[in-house]
Amino acid sequence: MDDVDRALIALLRKDARTNIATLAAKLGVSRGTVTNRLRKLEDTQVIVGYTVRLKPEAQPERIRAWMSVQVEGNQTRLVIASLLGEPGVAALHDTNGRWDLLAELEVGSMQELSQTLERVRLISGIRATETSIHLASYR
């Protein structure tokens, strides 16, 4: 990836629905260049999909939480694989400090959150977890 690819990805992060002509104008390249680069980024799976981002208020019934995860010994890869298979885990991040991983949880009810937490805590290789429920989002 070069600077044009990174700038293209940054523009798509702001608005993945931006049309090719607008992307080309903002990048100072031709529409063909944008089309070819998008195809290459998709073919090499740098871009694996496009999604819709909703304001938290658009889905008030959804419960979102952060779960910090401490991994036992050198079992990080196994824990990551298990967490990526957990339906309540919307995203998973590697981090530093006291916690090894940070999981973004998204569920439909408190009961579903409780079940997700229980399943995650039973994953072999997890030493400790700490969960914080999102109460409000400002950005």
Which ones in segment 68-91 are of a type in the set (A, V, I, L, M, F, W, C) and closer than 13 Å to THR129 by Cβ?
VAL69, VAL71, VAL79, LEU83, VAL89
Among the residues of segment 5-28, the number that are modelled with pLDDT under 95, of a type outside the set (Val, Ile, Thr), within 18 Å of THR51 (Cβ to Cβ) and open to solvent by less than 60 Å² (accessible area, probe 1.4 Å) is 5
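Assess whether THR76 counts as being open to solvent by less than 80 Å² (accessible area, probe 1.4 Å) and polar (S, T, N, Q).
Considered against the rule, which asks whether it is open to solvent by less than 80 Å² (accessible area, probe 1.4 Å) and polar (S, T, N, Q), THR76 comes out as yes.
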Condition first: part of a loop (DSSP other than H, G, I, E, B), over 26 Å from GLY73 (Cα atoms) and open to solvent by 50 Å² or more (accessible area, probe 1.4 Å). Now tell me which residues in segment 105-136 satisfy that.
HIS134, LEU135, ALA136
The listed residue being touching a His at 6+ places or on another chain (Cβ under 6 Å), surrounded by 11 or more Cβ atoms within 10 Å (Cβ to Cβ) and over 12 Å from ILE63 (Cβ atoms), out of LEU83, LEU102:
LEU102
Mind checking whether some residue in segment 111-134 is within 29 Å of ASP2 (Cα to Cα) and modelled with pLDDT under 95?
no
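The values are calculated or read from the model by the stated rules, or taken from the named source; none is laboratory data. The model shown is predicted, which means the values in this text are computed figures rather than measured ones. A quick note on method: Cβ atoms are made from the backbone with ideal geometry, for glycine too, and the neighbour counts reach across all protein chains shown. The protein model used for the area step is the full one, side chains on, heavy atoms only, and it has no ligands, DNA or RNA in it. Shrake-Rupley method; radii C 1.70, N 1.55, O 1.52, S 1.80 Å.
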